[in-house]
Every structure is written in C-alpha cells, then in structure tokens.
Amino acid sequence: MAQIKNVRFSYLIIIGVIVTALITVATLEAHKGITSKYTYNDDVFPIVQLRCGRCHFEGGPTPMSLLTYKDAMPWAESIREQLTSEAMPPWYTDPLGPAFKGGHSLSTKEFDVLLTWATGGTPEGNPDKNQSPVPRTTSWQSGAPDLALPMASPHTLPAGTREDVHSFSLKTGLDRDSWVRSIDLLPGTPSMVRSALISIRGGAVLATWVPGHDVIPAPSGTAFHLPAGAILDLEISYKKHWRDEATDQTDLSTLGLYLTDPPLSGRSIETLSLTPANNTNDQNTVTLKLAASVRLLALRPQLDQVYDSIIVSAVSPTAREIDIFRLHAARPEWNRRYWLNDPIELPKGTTIKLNATPATSTDTRQPIQQTEPLQITLEILTL
C-alpha cells in the first residue's frame, strides 16, 4: 500500500512540474517584448486589404481571416512561415522576367512590414481606426456578366471527404457564334471552391480561375471564339478546410461570360503547348519550333507538383535570345493564366524552350491533387 501511495505521489509531482512549466511558458509568451515599429491597424491592415483580403475572410477559401487584429494576431507564426517560404501571396512570377497583368507580389517594403510585425510582438495600434471594407469573392468583379450559367444541380462533399475534382456540363444556349473577352466564377460556397478550369467541350480552354484573382479581359482586338450551341465543361477543384472535414458541404457555383464584338481579324486566340512528356531526352525539358510568326499574349501553366523554377525562353532565327516566362517556387493549386503586359512578337522559325526544375525542399504541405502532367500553354495570335 505504501508503494502505491509513493507512485501516486510521484505522478502528482510530475503533473505539478508540467503544469508549472506550461504556466511559465504562457506567462513568458504573454509578456514577450514588442520590438515591431509597425502595428496592425496602422501598417499591416492596408497591406492585408490589398494583397490578402480577397481570400482571407471569414467563410472564404482559407481557414483563417486576417481582416481584424483579433483574427490575424494568433496566426503570426504562420504568416512568418508563409512569407519566408515564399508560399504567400500566391503570385510566383520572377521579377527578373517579363511583367504580367494583375500581379499580387509583395513589395520589399510590404514584406518587411508584415515580417517585422509577425516576429516583433504583433502590436495592435490604434483600436479606434476605421478600416475600409475589402472586396470579396461573393460578387462579380466586373459587374453582371452578359451570360450567367449556374451549375445544373448542387455538388456535395460528404462528411469524411476532404477534396474532390468534379466536372460539370453547362449549356450556353447560344443560337449564333459569339466571342468571349473574359470569364469569372462566382462560388456558391467560397470556403470549398479552390480552383476551376473552363473549356469548350471538344475545343479550347477559355479560362482558369483561382480565388482572389483579377478578371483580366483578353487584349483589345482579341477574343476567344464560342460556337453557337457550345457546351462548356467546368472542372472545379474542391477542398474543405480542416475544421469542416466532418460535415457535409454543398456548392452551387455560377459561371459568368463577358462577350465582345468579333475581332477585326476574325480569328480566335489559339494555343501552342509545351509538354515535357513529349521529349524523350529529359522529362523536364522540351523545345518547340514555330511554323509561323505569332504574337504571344499569355501563358497558362498546368503544374503537376511544386517547382523550384519554370523558365520559358526563345531563340529567334537570327540567334536573338528572348526571355518569355519565369516562375519561382510555384505550386500546382494556383494554376492561372498570365497575361503579358506587353505581347511578344516571335518570328517564324523561333525555337521555344521550357526548363522545369521540380522542388527539392522538404515542404510538407499537401497541394490539391493533380491528375494532369506538366504543361505550359502559350496563347497566341498567328500573324
């Protein structure tokens, strides 16, 4: 009996030591010195509003809101990790390459403000400062579309299913050929809609969609041809937040098409594809020689994994080297279209080359499942 009492007493001592240690750690954390000269309300919120607020809101596609000090402060360590790993914000173009429309990269100053605040005690600042609202993915960015196509029926991810990729057929009902300048998606349940690919059945890809993106129209004088009676395939990647895994979640999204007049040339935007699997020498390298002169308008990567770098370059028939496209630390859950600020003229006989270097880091974050191989699509006008 005395031995049992001694064992119980030892357990009580151990528990007491653990509780004391936890209280000490909590006390030290609560009294951690504030070293940041930046505060949330004065310095951090304007950046969050511009760069992060379209996704990081309550009920949005991310598991946390960053739109108030109370929401953002507990996530300081995660903010630091996302910044230093270059995972956020998800705009992966290399500033050394050509410029693209709709970029969401942080400036050096913005990066410094966020990182200093997250690692320097997360001060709140003036609690009475009025903050302006942040646009969210719960309304059309470009106003009401010319043609709104809702899903025919809701799609449900049952309890226990965290992610899914599902395709839906949308009948346009158009009785004549039309021309599309841009497309947007209005998620029915923003917290579970992670990306979308929109294509004409048996034809071209019209658009990609990711949360927080800008709806950018095709350059003036260009458009995508949409045949009369066309059926669209809407492929949506769904992924629940970890806190929603045990519940059913249902989505009923709507696709919005913005139409325009036929281009003067009468020609639709066309595509060329770079797919390393077609090259037997190196699965991460592929070349393509142009059979005609083209104007390069945009690039649309379809990544199958995380890549340290994606580089698309060209050499003209006169041996002029042309820098086209660079991605750095790019993740497959953020496949999007990149419209060039300044389209690039590529003469007939130009050789285009893709070099893709898969990531070698120990990044343990799991991207949304991808079933298609790596492909970089060039969207062009033939001259």
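The values are calculated or read from the model by the stated rules, or taken from the named source; none is laboratory data. Keep in mind the model is a prediction, meaning the values are calculated, not measured. Ideal geometry is used to build each Cβ from the backbone, glycine not excepted, and the neighbour counts take in all protein chains shown.
Every condition in (1) surrounded by fewer than 19 Cβ atoms within 10 Å (Cβ to Cβ); (2) in a loop (DSSP other than H, G, I, E, B) is met by Pro190 except one, and the failing one is (1).
Within the range 168-192, residues that are over 22 Å from Val215 (Cα atoms) and assigned by TED's automatic domain parsing to the domain that holds Ala207 reach partners that are modelled with pLDDT of 95 or more and part of a loop (DSSP other than H, G, I, E, B) with beta carbons closer than 7 Å, at six or more positions or on different chains, in the pairs Leu174/Ala228; Leu174/Gly229; Leu174/Ala230; Asp175/Ala228; Arg176/Ala228; Asp177/Pro227; Asp177/Ala228. Residues in the range 36-73 that are of a type in the set (Ser, Thr, Tyr) and assigned to a loop (DSSP other than H, G, I, E, B) were compared, and the one that is surrounded by the fewest Cβ atoms within 10 Å (Cβ to Cβ) is Thr68.
Filter the range 239-263 for residues that are in a strand (DSSP E or B) and in contact with a Lys or Arg (Cβ under 8 Å, 6 or more places away or on another chain); which is surrounded by the fewest Cβ atoms within 10 Å (Cβ to Cβ)? Among those that are in a strand (DSSP E or B) and in contact with a Lys or Arg (Cβ under 8 Å, 6 or more places away or on another chain), it is Leu259.
In the range 257-271, the residues that are among the small types (Gly, Ala, Ser) form Cβ pairs under 7 Å with partners that are surrounded by 13 or more Cβ atoms within 10 Å (Cβ to Cβ) and not in a loop (DSSP other than H, G, I, E, B), at six or more places apart or across chains, as follows: Ser268/Phe224; Ser268/His225.
Output the residues belonging to the range 83-95 that are part of a helix (DSSP H, G or I) and of a type in the set (Val, Ile, Thr).
Filtering the range 83-95 down to residues part of a helix (DSSP H, G or I) leaves 83-84.
Matches in the range 83-95: Thr84 only.
So which strands (runs of 3 or more DSSP E) are wholly in the range 264-383 and hold at least 1 residues that are modelled with pLDDT of 90 or more and among the basic types (Lys, Arg)?
Numbers: elements: 270-274, 285-289, 294-302, 307-315, 321-330, 338-346, 351-358, 375-382.
So the answer is 285-289, 294-302, 321-330, 351-358.
Of all the residues that make up the range 327-355, how many are farther than 24 Å from Glu235 by Cβ, of a type in the set (Lys, Arg) and in contact with a Phe, Trp or Tyr (Cβ under 9 Å, 6 or more places away or on another chain)? Of the residues in the range 327-355, 0 are farther than 24 Å from Glu235 by Cβ, of a type in the set (Lys, Arg) and in contact with a Phe, Trp or Tyr (Cβ under 9 Å, 6 or more places away or on another chain). Going by what's in this entry, would Ile236 be described as β-branched (Val, Ile, Thr), buried (at least 18 other Cβ atoms within 10 Å of the Cβ) and either out of contact with any strand residue (DSSP E or B) (no Cβ under 9 Å at 6 or more places or on another chain) or not assigned by TED's automatic domain parsing to the domain that holds Pro90 (or both)? Spelling it out, Ile236 is indeed β-branched (Val, Ile, Thr), buried (at least 18 other Cβ atoms within 10 Å of the Cβ) and either out of contact with any strand residue (DSSP E or B) (no Cβ under 9 Å at 6 or more places or on another chain) or not assigned by TED's automatic domain parsing to the domain that holds Pro90 (or both).
Give the residue, chosen from Glu86, Glu124, Glu110, that is at pLDDT below 90, farther than 24 Å from Asp251 by Cβ and surrounded by 13 or more Cβ atoms within 10 Å (Cβ to Cβ). So that I can check it myself, show each step before the final result.
On the way: Glu124 fails: at pLDDT below 90; Glu110 fails: at pLDDT below 90.
Result of the check over Glu86, Glu124, Glu110: Glu86.
Just to check your reading of the model, which residue among Leu327, Leu272, Leu354, Leu297 is under 30 Å from Pro227 (Cα atoms), surrounded by 18 or more Cβ atoms within 10 Å (Cβ to Cβ), in contact with a Leu (Cβ under 9 Å, 6 or more places away or on another chain) and aliphatic (A, V, I, L, M)? Steps first, please.
Values: Leu327 fails: under 30 Å from Pro227 (Cα atoms); Leu272 fails: surrounded by 18 or more Cβ atoms within 10 Å (Cβ to Cβ); Leu354 fails: under 30 Å from Pro227 (Cα atoms).
Only one candidate passes the filter, namely Leu297.
Within the range 330-338, is even one residue small (Gly, Ala, Ser), more than 20 Å from His213 (Cβ to Cβ) and touching a strand residue (DSSP E or B) at 6+ places or on another chain (Cβ under 9 Å)? So far as the range 330-338 goes, no, none of its residues is small (Gly, Ala, Ser), more than 20 Å from His213 (Cβ to Cβ) and touching a strand residue (DSSP E or B) at 6+ places or on another chain (Cβ under 9 Å). Criterion applied to Thr208, Thr222 was being part of a strand (DSSP E or B), among the β-branched types (Val, Ile, Thr) and touching a residue at least 60 places away in the same chain (Cβ under 8 Å), and the one residue passing it is Thr208. Residues in the range 63-113 that are touching a Leu at 6+ places or on another chain (Cβ under 6 Å) and under 24 Å from Asp42 (Cα atoms): Ala72, Leu83.
So that you can scan it fast, the table gives a plain yes or no per residue for (1) assigned by TED's automatic domain parsing to the domain that holds Ser313; (2) basic (Lys, Arg); (3) closer than 16 Å to Leu299 by Cβ; (4) not in a loop (DSSP other than H, G, I, E, B):
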{"position": "Glu77", "(1), (2), (3), (4)": "no, no, no, yes"}
{"position": "Glu81", "(1), (2), (3), (4)": "no, no, no, yes"}
{"position": "Gly97", "(1), (2), (3), (4)": "no, no, yes, no"}
{"position": "Ser105", "(1), (2), (3), (4)": "no, no, no, no"}
{"position": "Leu115", "(1), (2), (3), (4)": "no, no, no, yes"}
